[in-house]
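Here it is: the structure, laid out below.
Readers should treat all values here as calculations from the given coordinates under stated rules, not as data from a laboratory. As the structure is a computational prediction, the values presented were derived from the model and not from experiment. Cβ atoms come from the backbone with ideal geometry, glycine included; neighbour counts cover every protein chain shown.
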Amino acid sequence: MVCEEGKEREKGSGGRDAACGPGMLLRIGEIELLLLRKRIRNLHLRIHPPDGRASLSVPYRMPLEAVRAFAASKLDWIRRKQTEVRGRSLAIPFSYCEGEGHYLWGDAYPLRLIENGARAQVELVAGEILLHLSPGTPKEKRGSLLDAWYRSRVREAALPLIALWEPRMGVRVDGVAVQRMKTLWGSCHVRRRRIRLNSELAKKPVDCFEYVVVHEMAHLLVRLHNDRFRALLDRFLPDWQARRQRLDTFPPRPHP
C-alpha cells in the first residue's frame, strides 16, 4: 500500500493534536494517527507497513469530536493490526533454496528444486513442494513462481467454499479476485458483489481461510464492522474470534 504523502510537523507538547501538511496528527491514548480530510463519503482507516503507521481519511465536514470517537472505538483493531504488520517486517526473507520450509494450509513442507529445464511449474508431491525450473533460475523468478502457485491455491479453495456458504448466508458472490496484499486479508466490493482475497492466505490453516471468506461474504449483508456485523459472525462462525487471532499469529515464527 502506498503511504499518503505530505510534510508533517512535530506533534505539540502535552499530547495535543498537531497540524501536519494536508492533515493533522491525532493522539488517542498511546496511538497516533495521521488524519486526512478528503472528498469522500466513508471513513478509511489504514495501517501502513513496515512500521505500522496509522492513517485515517475522513470526509471534510466530519466534526473532530466524531472523528476522535470513531478512532477510539478502533483502538483494539489498530493495536492488533500494528502488531501484525510490524511482525511481518521482521520476518526472515525467503531465499527459495533447496530444503527451505514453506507453508500450505497450515502445514510446512520442504522446497525441492527440480532444475531439469522442463516447463516451470510448482506442485505438492509426497510431502514436498516441487519447483520445476531451468538451471540457474534467479531467486526472484523462483519467488514469482511460488507466488503464482499460492494465488491458484487460494482461488481453487475459495470457489467451493463460497458455493457452500452462499445458501447458508443467503447471499450471492459474483466474482473473486486473488492478489498479494500488504495490510488486508480480504475485502468486499458490496455493490459489485465481488470479494478480494490475499494470496498469503494459502499459508494459513484452513479454518482461518474460511473465516476470511465468511467475513467478506458477511459484508454483503452488513457493510460496516458494527454490532450487527459481529452478530452475524457469531451466528455463522461462533468461534470466529479464535480463528481471527490464529490468523494474525500463525505461523508463530518464520520457518527455516
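Would you check which residues across the stretch 155-176 are under 18 Å from D207 (Cβ atoms), out of contact with any strand residue (DSSP E or B) (no Cβ under 9 Å at 6 or more places or on another chain) and either in contact (Cβ under 8 Å) with a residue 40 or more places away in the chain or aromatic (F, W, Y) (or both) and list them?
Matches in the stretch 155-176: A157, L161, W165, R168, M169.
Quick one: how many residues across the stretch 150-188 are under 19 Å from L237 (Cβ atoms) and not hydrophobic (A, V, I, L, M, F, W, C)?
Matching residues across the stretch 150-188 total 7.
For the stretch 228-256, give me each residue that is among the aliphatic types (A, V, I, L, M) and either closer than 23 Å to R86 by Cα or assigned to a loop (DSSP other than H, G, I, E, B) (or both).
The answer is L237, A242, L247.
I need a count of the residues in the stretch 184-227 that are among the charged types (D, E, K, R), surrounded by fewer than 18 Cβ atoms within 10 Å (Cβ to Cβ) and in a loop (DSSP other than H, G, I, E, B).
Counting residues in the stretch 184-227 that are among the charged types (D, E, K, R), surrounded by fewer than 18 Cβ atoms within 10 Å (Cβ to Cβ) and in a loop (DSSP other than H, G, I, E, B) gives 4.
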